[in-house]
Every structure is written in structure tokens, then in C-alpha cells.
Amino acid sequence: MLALVRPAGWAPRRGRWARIVLAPVIAGTGITVVAVLGTVIAITGGSLGCLGGGATIAGPAGPPPSDTAVAMIPAARLRLYELAGRRFDIDWSFLASIGTQECNNDGCAGDNGDGCAGPMQIAERPNTPCSPAPGPTLWDRFQVSAFGGTPDINDPADAIFTAAHILRDDMGAPATGGSYEGYYQAACRYYGACADAAANYATEVMARAVQCGFNGAGAPAATSLAA
């Protein structure tokens, strides 16, 4: 099992990681996928036509990234959110806000102790708080290999594409361009509650999505995010 690496200046977000105690450990990071992504984009001139076993990237692009999104999200990770958004026709800014909420767009490799794992904190271990039933888990049912090969829950690309698949096909997230309320409810389902003692989860996710560029029906005007 890969273990968590905390990048410099990292602090836990109020997602699934906020509900456990983390032990400091050392392990490798998922750098390979970023390098592969950069190489493929360079070869194709910035366009990826097929991902995940030949699936065509054909959905709408979604809103342009705001200055906040560009400043908050590493460029390679932002590109993954955009590509996954187009692959599964889900607003990338919402997907990016989930990733930021869960793991601050970095780290979180390995099981969190509650049965969720990886950059998008997807349930992978049955009979746990994240996946109370004997199985199959969300990872078992929806896992995606973004660039081919065996899906890896700790690989940022596979995790992001799988989360997009889950949100669209299991959590009821609207298609790109969908309403604020529709995405709010999908955030509630992804977390397991709209809010609890650890986080006002759905409200925080949607506030950040708006800052990143989300402009679906009913979205409030962007304002400064709370620290």
C-alpha cells in the first residue's frame, strides 16, 4: 500500500481526510502520469482525442478557468480535470473543487483508514465506513484507466476520471452546463451528507467551483473564498 506524502505547506482539507488521524510516512508519488500527460499533449499539439481504452473526448469544454483556478490548481492537474470533464460530460470546475476539497490536488495516496483512497478519496475497501457493504465498492464498479493499462486509484488521472464517472453515472451530477442545485446535490451524495461536524461539504465545494469558473443556472456571483 502506498502511503501519504504531504507536500510542503499542505494542510488537510475538510473532506474525507479530515475525519481520520494521519501518521507521517514516506513513499513515492504519482509523477509518472504527469510526465506522460505532458509528453502526449506535446505530441498531439495540446489535444487528446482518445482516453481510457479509446473513448473519444467529445463533450463540451465547460467554463474557461478563472484566474483563481489557474493560481490554485497545478497546470497538469487542471488539464486532467478538463479532460475528464469532457470525457464524462461533467463540469470540470465542480470536479476540480471536489479534488481540492478531498486532497488539495496532491498526495493522499493509499487507504485513508476508512476505506477510501487516492486523490479523489474513492471507496475501495468493502465493509468499511467508506463502503459499508461487502462489495463491490465504487472503485470496483466504476474504475477508469485514463491513458490505458490497469487502473490505479493512486494515479491522479485514473482517480479523476473515475470520480467523474462515479459523479455522472452514480451520484446524479448534471451534464456540463447543469444547475448549481444539481451539482450541489451531487456533492452531498459524493460525501455522504451535505454537511456534518467535519465540514459544510457541499457548500464549500460549490463556493470553490464558482471561484474556479462554474456558471450554471442558479450560481451566485464569485466572491473571495474563506481561508
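Values quoted throughout were computed directly from the atomic coordinates according to the rules given, and no laboratory measurement underlies them. Note that the coordinates shown come from a computational prediction; the quantities given were computed from them, not determined experimentally. Here the Cβ positions follow ideal geometry from the backbone for every residue, glycine too, while neighbour counts run over all protein chains shown.
Kirkwood hydrodynamic radius, segment 181-227, all distinct C-alpha pairs: what's the number in Å?
Details: mean 1/r = 0.0912 Å⁻¹.
Answer for segment 181-227: a Kirkwood hydrodynamic radius of 11.0 Å.
How many percent of the alpha carbon pairs in segment 101-204 exceed a separation of 17 Å? Please report the intermediate quantities before stating the final value.
Details: 2900 of 5356 pairs.
When all Cα pairs of segment 101-204 are counted, 54 percent exceed 17 Å.
Let's test the formula: R0 of 45 Å, r as the Cβ-Cβ distance of THR203 and THR150. What FRET efficiency results, to the nearest 0.05? Intermediate results must be reported in sequence, preceding the final value.
Working: r = 37 Å, r/R0 = 0.81.
E between THR203 and THR150, to the nearest 0.05, is 0.80.
Once the piece of chain linking ARG141 and THR223 is laid out straight, how much longer is it, given 0.36 nm per residue of separation minus the C-alpha distance between them? Kindly include the intermediate steps, with their values, before the conclusion.
Working: separation 82, 0.36 × 82 = 29.52 nm, distance 3.74 nm.
Gain on stretching ARG141 to THR223: 25.8 nm.
Roughly how many nanometres apart are two label points built 7 Å out from the Cα toward the Cβ at ALA61 and GLU181?
So the two model labels end up 3.1 nm from each other.
Quick check on packing: order 137-143, 154-160, 119-125 by the mean number of other C-beta atoms within 10 Å, highest mean leading. Present the calculation step by step, with values, prior to reporting the outcome.
Details: 137-143: 19.1, 154-160: 27.6, 119-125: 24.7.
Ranking the peptides 137-143, 154-160, 119-125 by packing returns 154-160, 119-125, 137-143.
Is the C-alpha gyration tensor of segment 159-207 telling us rounded, prolate or oblate? Criteria: a/c under 1.5 is rounded; beyond that, a/b larger than b/c is prolate, otherwise oblate. Walk me through the numbers on the way to the answer.
Working: a/c = 2.08, a/b = 1.39, b/c = 1.50.
Verdict is oblate for segment 159-207.
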